[in-house]
Amino acid sequence: MKQLIGLGSEVATVQLGEDPKVGALVSGGLLTCIPSLPLKEVAKRMSRAKVSCILIVENDQLLGIWTEGDTRKLDFSKPDLLTTPISSLMSFPVISVNYDARLSETAAFMKERGLRRLLVLNQQGEPLGMLTQSDLVRYQGVENYLLMRNVGSSIRRAPLRLNASLTIAAAVVRLREAGVEAAVVEQGKGRPPSIITERDLIILLAEELSTLTLQEFIKHELFCVPKNMSLLHAVDLLREKGFRHLGVVNCDEQGKPTEELCGLLSFTDILSSIEYEYVNQLRSALEARDLALKTSTEHLLLAQKVIEASLDGIIITDSKGVIQAVNPSFTTLTGYSSEEAIGQTPAMLSSGRHDKEFYQVMWKSMLTQGYWQGEVWNRRKNGEVYAEWLTITGIRNSKGIIRQFAAIFSDITDRKLKEEQIHSMAYYDELTGLANRRLLLDRLKQALANAHYHKHKMGVLFLDLDLFKRINDSLGHQAGDEVLQNIAQRLETSVREGDSVARLGGDEFMVLVPEVESLHLLEALAARLISVLTKPLTIQKNHLVVSTSIGISVFPNDGLTAEVLLKHADTAMYRAKEAGRNSYCFYNSQMGERSFADLTLEHRLRLALNNRNLYLVYQPKIDVSNQQWVGMEALLRWDDAILGSVSPAEFIPLAEKLGLIEDLGDRVIEQVCLQLQIWLAAGYQPPTISINVSARQLLDTYFAKRVFKLLAAYKIPTHLIELELTESCLIIGDEDDQYQLLKQFEAGGIKLSIDDFGTGYSSLSYLRKLPLSTIKIDASFIAELPSNNEDAQLVKAIIGMALALRMDVVAEGVETSAQAALLHSLGCSVCQGYWLARPAKVEQVAGWLAAATEGKWPEFPESWQPTVFKS
């Protein structure tokens, strides 16, 4: 039943003060019970006796032990907890030590095993008494050390804080998970904190309280001491008041205590400090070696004792780094015996993680300053790599020359792993592995500083999945988590290197674009993300399509701080949702403070769409070489009863922002089909009609099906329809999806043309692959012809490229006969512009068509003299 400490032969050394035998420090009066005794009775006995443990004995045989610390292992929510026999809860075997063991060796053993108490056996092997942490502090003769050190030096971590509303069962779980003996109980503003300890849990069990929360149970206000109080004074307070813990508060610059709680102090913390001081004593002993030899051999014996007992690894080398001695802890930590290490250099432990420069800096510091301290990764004998905190001190002779080095190191691998876990939890989303809000804010602030310094734009995209709650509600949270993980992967693979993706929580994501070359490319990114995210997912054998709404804010236009940019991107995202979801929206200042005029325009546009008040006009395309009317373009117009005539440049972007452009585009196509049906029924032969298509329509995989369905419904031949795409349409979304969509139109007999050519960013290699039939030269290149030679050369190049690609060419914005003559001479005969014909209403177009049917040429403006262009 016993687990005894194996002690070697005694070494004739002298500790600071006397090193007594543990048998002389304990007294009898051990509390015992039978194994069948229920937990509540055990707790009552311990509470009455005011002891921290009880031994379980049967027929004079020691079966086990149950301590205050074991309360943290209990499930306080179990209804039968109090009646549980102690035999099912006790720990065994009972760890013990013989009465003649020395206190210093026993203290080292308890520290190594993490023990708070140890059973002492008499000469006959019978229980004599219990040695506790307070005994170690009381009898080790360390008062001088305690006097020189303050309380703050023993505080290694912040206290566990629990809300008073927490249930006892939940509080015990928190204590167990944190691995602490006590926690601070916060009762709200204006009320002092309290404390909950293992001893309080004993009292709770003993009194069979049915309390549910900490608020109903806590009785004592936390007694606090300032951080700068000496440890000796703190130990005296613990003894005098019978406390197990003291609260520790910070001090201001004048040394006066504040109300800011920074830790809890217990005997465990004090013992850690004492061990640390013993190790530091080694350094003092080594630095004063010559003096110690002259004054007393006791100091050398002290150093030897400290080295042997220290839990930290210690290496002594000569001035060249050759190992002369190591302590037992060196062997424990590295796996190398003293025989294997002596005569070697510390390079035998090298892990290979540090380069040559690292060790050069270390040696330079040791030789010039006589000291080096830092974190090192080394390798054990078994090949395992571990982290250590290493302190190297040069030992000088009487002439000040370094003759030896003393290295003290401790294994901090566990701490490093916990730090990495804490860092990961603090900065990364556990579910998706993406950066979380905290890390995103750090990156955003860095990107802001860089953008401000280099004076470039920066973008923030706020994404919120549409109707995500329905997935959780219908398929469960596990399916929802799988969706979020898939979305995160798609986002990461869809952004550029250097862009950051983060999950803010729930179904909200953020994309940070630190350098924005143009808003056009930012819009292209948003459209690409929508396209990527809406591709079907297979989750738990269910096929799902998840859409997203994106809000975009840009530095410096929409804000100068991280908080403002995030807020404005969030605002824009909600506008995208209001506009019908699965779309993106740029922030503008009117979203935060919209004027009456903006609200009126939006209201009137929605009303006009509902009442079908928007109408089409048609502008002819004329081949000036043979005076043929070869086509016309359908243009949308809006005359409002209140606002008057509203420019397309004003209401088309508004429709895009409000998410109405797809519906509006479909209505235009349907209206053209209806008008063609009327003209064909009247016996007219209308030319091909061009219809402008938006970028968002091209993102819709069902767009082509809807167009062909309308043509079939109105019985319109496909050769009468041409779709005009802007260059910007072709750089938004997935190239393969776009190509397949355009091929559907080509296969169905619908012509495709590029509008406003020369103003976008599309690549010629990409355009060459697309099934396009016509290029329309943008009016901006025509406006200054024929006087502007540079524009003339650009137009010539565009015409030459189109002819090389076997495409037709149309010039927009032709306003003079001189422009038409030059274009004709360069190879572009089809023109469109006010000089030839202004956009006309349906009635006027019907007149032209009637005249053409009767063999009469439509009456276009007299200023048009087509004969001058005949070859």
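When the listed pairs Lys535/Lys709; Lys50/Lys111; Lys535/Lys769; Lys709/Lys796 are checked against a 29 Å cut-off, the alpha-carbon distance exceeds it for Lys709/Lys796. In straight-distance terms, cross-link reach from Lys418 covers every one of the aspartates and glutamates whose alpha-carbon lies under 19 Å from its own, apart from those fewer than eight places away in the same chain; here that gives Glu177, Glu375, Glu384, Glu388, Asp429, Glu430. Once the Cβ-Cβ distance between Ala169 and Thr83 is put in as r, and R0 is 22 Å, what FRET efficiency do you end up with, to the nearest 0.05? The value I calculate is 0.85. Angle of helix 39-49 to the longest C-alpha principal axis of the chain, folded into 0 to 90 degrees and rounded to 10: 50°. Only helices enter this figure: runs of n ≥ 4 DSSP H residues, each worth -39500 (n - 2.57), summed and divided by the residues of the chain, yield -12500 deg cm²/dmol at 222 nm to the nearest 500. Compared with the direct C-alpha span, the chain from Ala649 to Tyr453 gains 67.1 nm at full extension, assuming 0.36 nm per residue. Taking the longest Cα principal axis of the chain as reference, the axis of helix 519-533 is set at about 70 degrees. Counting only DSSP beta bridges with both residues in the chain, the antiparallel share comes to about 70 percent. Rounded to the nearest 0.05, the FRET efficiency derived from the C-beta distance between Gln373 and Leu475 at R0 = 56 Å is 0.50.
Legend: distances between Cα atoms for Lys577/Lys657; Lys305/Lys416; Lys455/Lys657; Lys44/Lys219; Lys705/Lys776; Lys743/Lys776; pairs beyond 22 Å are Lys305/Lys416; Lys455/Lys657; Lys705/Lys776.
A simple spin-label model places the labels of Asn557 and Glu207 6.7 nm from each other, with each point 7 Å out along Cα-to-Cβ. With the convex hull constructed from alpha-carbon coordinates only, segment 658-728 shows a mean projected area of 4.9 nm² over all directions. Measuring nothing but protein heavy atoms, the accessible surface of the chain at 1.4 Å probe radius is 51 percent carbon and sulfur. Based on Cα atoms of the chain, Rg over Rh with Rh as the Kirkwood radius reads 1.19. Take the chain with all the other protein chains still there, run a 1.4 Å probe, and you get 49 Å² of accessible area per residue. Computed from Cα positions, the angle between helix 842-853 and the longest principal axis of the chain comes to roughly 50 degrees. The stretch between Arg496 and Gln844, if pulled fully straight at 0.36 nm per residue, gains 120.1 nm over its current Cα-Cα span. Sequence-distant contacts, meaning Cα pairs under 8 Å at least 6 residues apart, place the relative contact order of the chain at 6 percent. Estimated from the Cβ-Cβ distance and a Förster radius of 22 angstrom, the FRET efficiency linking Ala426 and Ser272 is about 0.30.
Protection proxy ranking, highest mean first, for peptides 544-554, 651-661: 544-554, 651-661, where packing is the per-residue count of other beta-carbon atoms within 10 Å, averaged.
Sorting 320-330, 474-484 by average packing, meaning the other beta carbons within 10 Å per residue, from highest down gives 320-330, 474-484. In segment 13-120, the ratio of gyration radius to Kirkwood radius, Rg to Rh, stands at 1.04 when only Cα atoms are counted.
From the Kirkwood radius over Cα pairs of segment 84-180, Stokes-Einstein at 37 °C and 0.692 mPa s returns a whole-number translational diffusion coefficient of 195 µm²/s.
The values are calculated or read from the model by the stated rules, or taken from the named source; none is laboratory data. Small disclaimer: the values here were computed from a predicted structure and weren't measured. Reconstructed Cβ throughout: ideal geometry from the backbone, glycine too, with neighbour counts over all protein chains shown. What goes into the accessible areas is simple: the full protein's heavy atoms, side chains included, and nothing from ligands, DNA or RNA. Shrake-Rupley method; radii C 1.70, N 1.55, O 1.52, S 1.80 Å.
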